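Inspection log for the structure reproduced underneath, given as structure tokens.
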Amino acid sequence: MPQYLLNVIQPDGDAPPPPEFLEPIMRDVEAVNREMRAAGVWVFGAGLELAPAARVVRVRDDETLLTDGPFAEGKEHIGGFTVIAAPDLDAALGWAAKLARATTLPIEVRPVAGVGTA
């Protein structure tokens, strides 16, 4: 079955939102995760540390270069992700809509290359 990556697009910031804002969202996200598991589509998911915790490693002319921070600077970044196995893109988009409602954030949907395809 094809797999899809559901990226949670989160605004940049120095700290997570306060608990009174974040706790109801996390309850809603966990409810969607339970629904995905019950439906047998959930493969894997995780939240990510804030973008400043990222590091980028490049190799140029056999030299390894390390830079602090995310690969692309911007006002938003991937704050977490879920991988699902769904019969088609429309089904994946349906799960993304549920996740967008729960997180109140945009969800980017991308097919995983070479998984579940002929």
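The values are calculated or read from the model by the stated rules, or taken from the named source; none is laboratory data. Predicted model only: the values in this text are computed from it and were never measured. Every residue, glycine as well, gets a Cβ built from its backbone with ideal geometry; the counts of neighbours run over all protein chains shown. Side chains included, ligands, DNA and RNA excluded: accessible areas come from the protein's heavy atoms. Shrake-Rupley method; radii C 1.70, N 1.55, O 1.52, S 1.80 Å.
Assorted remarks:
- Members of segment 61-114 found to be out of contact with any strand residue (DSSP E or B) (no Cβ under 9 Å at 6 or more places or on another chain), under 25 Å from residue 32 (Cα atoms) and of a type in the set (Gly, Ala, Ser), listed by number: 94, 102, 113
- Tabulated pairs, segment 21-38, first open to solvent by less than 70 Å² (accessible area, probe 1.4 Å), second polar (S, T, N, Q), C-beta under 7 angstrom, 6+ apart or interchain: 25/103; 25/104; 29/103
- Boolean, residue 17 is over 13 Å from the mean Cα position of the chain (by Cα), surrounded by 11 or more Cβ atoms within 10 Å (Cβ to Cβ) and part of a loop (DSSP other than H, G, I, E, B): yes
- The residues of segment 62-118 that are open to solvent by 90 Å² or more (accessible area, probe 1.4 Å) and part of a helix (DSSP H, G or I), listed by number, are 90, 101.
- Count of segment 39-61 residues, restricted to those that are assigned to a strand (DSSP E or B), open to solvent by less than 60 Å² (accessible area, probe 1.4 Å), of a type in the set (Gly, Ala, Ser) and farther than 18 Å from residue 91 by Cβ, is 1.
- Residue check, residue 22 touching a helix residue (DSSP H, G or I) at 6+ places or on another chain (Cβ under 9 Å) and either modelled with pLDDT under 95 or under 17 Å from residue 109 (Cβ atoms) (or both): no
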